[in-house]
Amino acid sequence: MTTARGVGCGKVILLGEHSVVHGRPALAAGLSRGATAEVSASTDGLTRARFVFDTAEVDVLASQDADHSLGRALAALLATYTEPPPMQLTVRLELPAGAGLGASAAMGVAVSAALDQHLGVARTPEERATQTLAWERVFHGNPSGVDNTMAAVGGVAFFTRGQPLEPVRVRRPLVLVIGHSGEASETKLMVGLVAQQLEREPKRIGELFDAIAALVRNGRLAVEAGDLRALGQLMDMNHGLLSALMLSTPRLEDLCHAAREAGALGAKVTGAGGGGCMFALAA
Ligand code: MEV
């Protein structure tokens with residue numbers, strides 16, 4: 001029996017999470033670690049998948065009525081194919097889940113790449129990014145698309161919702177140290193909390209998003225110029241604005257302070273916040 005394989009990468013949002021949901025740009029980087037998927041023909045007429053995490057394994061049937069969101073996400077992705085045959089999948093995650101590193105998107109992209117190989121479908125990374133939005137919506141409700149786009153395309157890029165991705169040339173390597181708070185980060189919940197703040201105070205929160213957008217544009221210039229000191233300062237400022245949106249926690253604050261005291265050029269929450277990861281830019 002032949003086995004098709006696919007990979008998807010995790011991501012760090014260098015600058016611009018949350019405001020990117022509301023049409024502002026973000027600067028993001030793909031991680032070399034992510035998820036892998038294997039697909040082979042199913043022998044029992046059903047499409048099922050085993051998801052292997054560091055601490056657990058989850059078996060699901062692909063169905064839009066599945067109890068587990070992974071089963072519903074798989075059904076949503078399969079619905080983008082014409083009459084897919086029954087298949088057996090194994091998906092391995094190499095990142096912590098629910099930590100702001102794009103684990104769900106990495107899995108979706110890995111599954112899509114393996115399904116395409118198994119079914120003989122040719123697709124560009126950008127087309128895969130569009131396709132896997134169906135998967136991401138199951139988990140995140142209103143995803144901007146930055147996670148699945150970075151999972152499919154990788155590298156460093158300037159992302160604006162609904163616009164073609166703009167790859168960014170990195171003048172000097174970015175050495176990032178990622179710290180996990182040990183707290184779970186729930187993207188859907190945190191995106192909902194920010195949307196509520198925007199609804200209550202559209203002017204103030206809109207201006208805050210515009211301020212983040214300015215940091216993102218300057219961050220792109222800093223990356224292109226190899227000005228790591230400037231990028232670090234922009235990260236610190238972005239972290240302050242994310243804290244103002246109540247997306248940091250005492251633990252994440254401690255990690256950011258510890259990184260800066262140890263000589264990091266900047267440190268910030270990455271992803272949805274409220275827990276999950278921060279990262280620091282090393283000199
Ligand atoms: C999550 O990694 C990034 C958020 O901006 C949500 C999104 O863009 O869909 C918080």
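Points worth noting:
- Matching helices (runs of 4 or more DSSP H) fully within the stretch 108-217 where at least 2 residues are in contact with a Ser or Thr (Cβ under 8 Å, 6 or more places away or on another chain) and within 14 Å of the ligand (Cβ to nearest atom): 133-140, 146-153
- Hits in the stretch 63-81 - residues which are open to solvent by less than 70 Å² (accessible area, probe 1.4 Å) and either within 18 Å of Ala106 (Cα to Cα) or β-branched (Val, Ile, Thr) (or both): Ser69, Leu70, Gly71, Ala73, Leu74, Ala75, Ala76, Leu77, Leu78, Thr80
- Qualifying positions in the stretch 9-48 - within 19 Å of Asp116 (Cα to Cα), part of a strand (DSSP E or B) and open to solvent by 10 Å² or more (accessible area, probe 1.4 Å): Cys9, Thr36, Glu38, Ser40, Ala41, Arg48
- Taken over the stretch 231-276, the criterion of being among the charged types (D, E, K, R), touching an Asp or Glu at 6+ places or on another chain (Cβ under 9 Å) and surrounded by fewer than 23 Cβ atoms within 10 Å (Cβ to Cβ) is satisfied by Arg251, Arg260.
- Here Glu94 fulfils each of the conditions (1) touching a residue at least 40 places away in the same chain (Cβ under 8 Å); (2) buried (at least 16 other Cβ atoms within 10 Å of the Cβ); (3) out of contact with any Lys or Arg (no Cβ under 6 Å at 6 or more places or on another chain) apart from (3).
- Output for the stretch 230-267, where each listed residue is outside any helix (DSSP H, G or I), within 16 Å of the ligand (Cβ to nearest atom) and in contact (Cβ under 8 Å) with a residue 40 or more places away in the chain: Leu245, Met246, Leu247, Thr249
The values are calculated or read from the model by the stated rules, or taken from the named source; none is laboratory data. In this text the structure is predicted, and so the values were computed from the model without any measurement. Cβ: placed from backbone, ideal geometry, glycine included. Neighbour counts: every protein chain shown. Areas reflect the complete protein model, heavy atoms only, side chains present, ligands, DNA and RNA absent. Shrake-Rupley method; radii C 1.70, N 1.55, O 1.52, S 1.80 Å.
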